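Here is the structure we will look at, set down as structure tokens.
The numbers here are math on the coordinates, done by the rules we state, and not lab data. Note that the coordinates shown come from a computational prediction; the quantities given were computed from them, not determined experimentally. For neighbour counting, all protein chains shown are included, and Cβ atoms are generated from backbone atoms with ideal geometry for every residue, glycine included.
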Amino acid sequence: MQSSNGRPGGDRGGPGSSAENREAAHTASREVRYDDPWYDAMASGWGEPDSTGALASSVPGARERGEEAAVRPRDVYLDVQRSAAFQEVRSRYRRFVVPGAIAFFAWYVGYVVTATTARGFMARPVVGALNVAMLAGLSQFLTTFVLAWAYARHARLRRDRPALELRWNTQEMARGVRGGRS
């Protein structure tokens, strides 16, 4: 057991004792209010005591506690999600990612199927010891890098600026709902 090194209370159960610190921390943890719209009350707090001291059978949502504002931060996020600007950013994302993922997956499956079913074709030499299978395998790496580059370029040119504007506007609206608090 370590000594208290001159701190008040030490290990004797005085004002600085660990039992008292645990009680103070437990009391403080019950007073925490979450203003985050993405807070999942079920992720933490299930089975913890409610305000009466009994175990809570269900945990209320973070928004159901305390004083309610006319407009809540989660309403701001829902409004932004329903906005045309947000839908446009999401559709630009989908228009690139879905065809790109399908094409890459088809190319990969095509390579695997061809490698297992057409061994003679894959063993055909192209240049020296380099055969079709080795070229196709190396081109898998090449297409991975090209797709990553194309994704980053598409994001930079088509989505980053509108997404940043949406984020800025959302933060400003949420800050206004919270009364200027960050």
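Using R₀ = 30 Å, calculate the FRET efficiency as 1/(1 + (r/R₀)^6) where r is the Cβ-Cβ separation of ALA101 and VAL80; round to 0.05. Walk me through the intermediate numbers first.
Values: r = 26 Å, r/R0 = 0.87.
Efficiency for this residue pair is about 0.70.
Under a 5 Å amide H to amide H cut-off, with H placed in plane at 1.01 Å, what residues pair with ASN131 once short-range neighbours are removed?
So ASN131 has HN proximity to VAL126.
How high is the FRET efficiency from TYR93 to TRP168, r the C-beta distance, R0 22 Å, rounded to 0.05? Display every interim value, and only then the final one.
Working: r = 19 Å, r/R0 = 0.84.
So, using R0 = 22 Å, E works out to roughly 0.75.
What are the ³J(HN,Hα) values, in whole Hz, obtained from phi via the Karplus relation 6.51 cos²θ - 1.76 cosθ + 1.60 with θ = phi - 60°, for each residue of segment 141-146 in sequence order, with x given for Gly and Pro?
5, 4, 5, 4, 5, 5
Extending each Cα 7 Å along its Cβ direction at ARG124 and LEU142, get the distance between those two points in nm, one decimal.
My value for the distance between the label points is 1.7 nm.
Which net charge results for the neighbourhood of ILE102, defined as the other residues with beta-carbon distances under 15 angstrom from its beta-carbon, given Lys and Arg at +1 and Asp and Glu at -1?
Charge balance in the 15 Å sphere: +2.
Tell me, what HN-Hα J-couplings in whole Hz come from the Karplus equation 6.51 cos²θ - 1.76 cosθ + 1.60 at θ = phi - 60° for each residue of segment 80-91, using x for Gly and Pro?
Karplus-based 3J(HN,Hα) across segment 80-91 equals 5, 4, 7, 6, 5, 5, 5, 4, 5, 4, 5, 5 Hz.
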